[in-house]
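Written below as structure tokens is the structure these notes are about.
The values are calculated or read from the model by the stated rules, or taken from the named source; none is laboratory data. Please read these numbers as outputs of a predicted model, since none were measured by experiment. With ideal geometry, Cβ positions are generated from the backbone for all residues, glycine too; neighbour counts draw on all protein chains shown. SASA here: full protein model, heavy atoms, side chains in, ligands and nucleic acids out. Shrake-Rupley method; radii C 1.70, N 1.55, O 1.52, S 1.80 Å.
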Amino acid sequence: QVQLVESGGGLVQAGGSLRLSCVASGIIFRRNTMGWYRRAPGKQRELVAVITDAYTTNYADSVKGRFTISRDNAKNTVYLQMNSLKPEDTAVYYCYKEGGLRGDWGQGTQVTVSS
């Protein structure tokens, strides 16, 4: 079974940093496009960042220059480094794996940024 387990969320003041991690199992990790999505209160889930098997990256305009997605295939792990956090970054962040009809999703980790 595919499993994606996120960690690293928490409470941080505006301007602070967090690093999220997602450990994957049950897949050939190096072959997969991975990403991070988030859902803020009252809003739809939205793309934050994506990284392909060729290490190509893409970011939402709202996080460019502040967030960095990376992957370590030897550890089956994808990371999201979040700097200069803003209150509007508050959301549940989900790890995602491309594939099949709907892809695969983690359970999410809460990020709360106080003003």
*Given the structure, is ASN83 open to solvent by 40 Å² or more (accessible area, probe 1.4 Å), farther than 23 Å from GLY10 by Cβ and either modelled with pLDDT of 95 or more or small (Gly, Ala, Ser) (or both)?*
no
*Output the number of the condition that ASP61 fails; it satisfies all remaining conditions of (1) open to solvent by 50 Å² or more (accessible area, probe 1.4 Å); (2) touching a Gly at 6+ places or on another chain (Cβ under 8 Å).*
(2)
*Residues located in the range 86-103, provided they are open to solvent by 40 Å² or more (accessible area, probe 1.4 Å), at pLDDT 95 or above and of a type in the set (Asp, Glu)*: GLU88
*Options VAL78, VAL113: the member that is in a strand (DSSP E or B), farther than 17 Å from ARG39 by Cβ, in contact (Cβ under 8 Å) with a residue 12 or more places away in the chain and among the β-branched types (Val, Ile, Thr)*: VAL78
*asked:* So the check is Cβ under 8 Å with 6+ separation or different chains; which pairs have a first residue in the range 4-19 that's open to solvent by 50 Å² or more (accessible area, probe 1.4 Å) and modelled with pLDDT of 95 or more and a second one that's of a type in the set (D, E, K, R) and outside any strand (DSSP E or B)?
replied: ALA14/LYS86
*Hey, can you tell me all the residues within the range 27-58 that are within 21 Å of GLY15 (Cα to Cα), open to solvent by less than 60 Å² (accessible area, probe 1.4 Å) and part of a loop (DSSP other than H, G, I, E, B)?*
ALA40
